[in-house]
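Here the structure comes first, spelled out in structure tokens, and everything after it is commentary.
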Amino acid sequence: MRHSRGNRKLGKPTDQRLAMLKSIVRSLFLHGRIEVTLPRAKEARKMAEKLISISKKNNLHARRQVESFLGDRAITSTVFKTLPERFEGRAGGFTRVVKTGFRRGDAAPMAVLELL
């Protein structure tokens with residue numbers, strides 16, 4: 001059974017949610033680690049893991065898939081240059097989510113999303 005297996009809606013319409021998650025994944029690939037709320041980190045982790053798995057194939061179709069998701073050729077080229085050799089022997093689990101406490105102001109649970 002697949003009860004409660006959908007994705008988190010994060011309080012946003014679909015287009016805004018996907019734009020936000022793409023932005024988080026772009027920042028993750030640029031900086032290596034970012035601090036976001038825990039639910040956002042968990043959702044962005046799913047997308048980042050899929051993109052890294054696709055980039056390990058390293059062919060034209062994979063490059064076009066990643067570029068269509070990220071929307072930036074420069075980030076795509078860095079993803080294809082650095083990440084496949086970095087995660088060569090690893091089948092999955094390319095990212096880590098570490099809880100960092102609660103945000104001052106609204107007490108939202110915060111986490112660090114980082115590449116291993």
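The values are calculated or read from the model by the stated rules, or taken from the named source; none is laboratory data. No experiment lies behind these values; they were computed from the predicted model shown. Glycine also receives a Cβ, built like all others from the backbone with ideal geometry; neighbour counts cover every protein chain displayed.
Summary table below
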item	result
Test: ARG17 is of a type outside the set (A, V, I, L, M), in contact with a Leu (Cβ under 7 Å, 6 or more places away or on another chain) and within 20 Å of ARG96 (Cβ to Cβ)	no
Selection count, the stretch 54-70, where residues are of a type outside the set (Lys, Arg) and surrounded by 15 or more Cβ atoms within 10 Å (Cβ to Cβ)	8
Extreme residue, nearest to the chain's Cα centre (by Cα), among residues of the stretch 10-21 that are within 25 Å of ASP72 (Cα to Cα) and part of a loop (DSSP other than H, G, I, E, B)	LEU10
Selection from the stretch 36-59 of residues that are more than 29 Å from ARG103 (Cβ to Cβ) and either without any contact (Cβ under 8 Å) to a residue 12 or more places away in the chain or part of a helix (DSSP H, G or I) (or both)	SER53, ILE54, SER55, LYS57, ASN59
Test result for GLY105, more than 15 Å from the chain's Cα centre (by Cα) and at pLDDT below 95	yes
From ALA91, ALA62, residue being among the hydrophobic types (A, V, I, L, M, F, W, C), assigned to a loop (DSSP other than H, G, I, E, B) and more than 16 Å from LEU28 (Cβ to Cβ)	ALA91
The stretch 66-88: number of residues that are within 15 Å of VAL25 (Cα to Cα), in contact (Cβ under 8 Å) with a residue 12 or more places away in the chain and not hydroxyl-bearing (Ser, Thr, Tyr)	9
Single match in ARG73, ARG40 (criterion: surrounded by 15 or more Cβ atoms within 10 Å (Cβ to Cβ) and either basic (Lys, Arg) or modelled with pLDDT of 95 or more (or both))	ARG40
Only one of ARG90, ARG96 that is out of contact with any His (no Cβ under 7 Å at 6 or more places or on another chain), more than 16 Å from LYS42 (Cβ to Cβ) and surrounded by 11 or more Cβ atoms within 10 Å (Cβ to Cβ)	ARG90
Test set (1) at negative phi; (2) in a loop (DSSP other than H, G, I, E, B) - ARG96 fails condition number	(2)
Number of the exception - GLY32 against (1) under 17 Å from ALA111 (Cα atoms); (2) of a type outside the set (A, V, I, L, M, F, W, C); (3) more than 10 Å from the chain's Cα centre (by Cα); (4) at pLDDT 95 or above	(4)
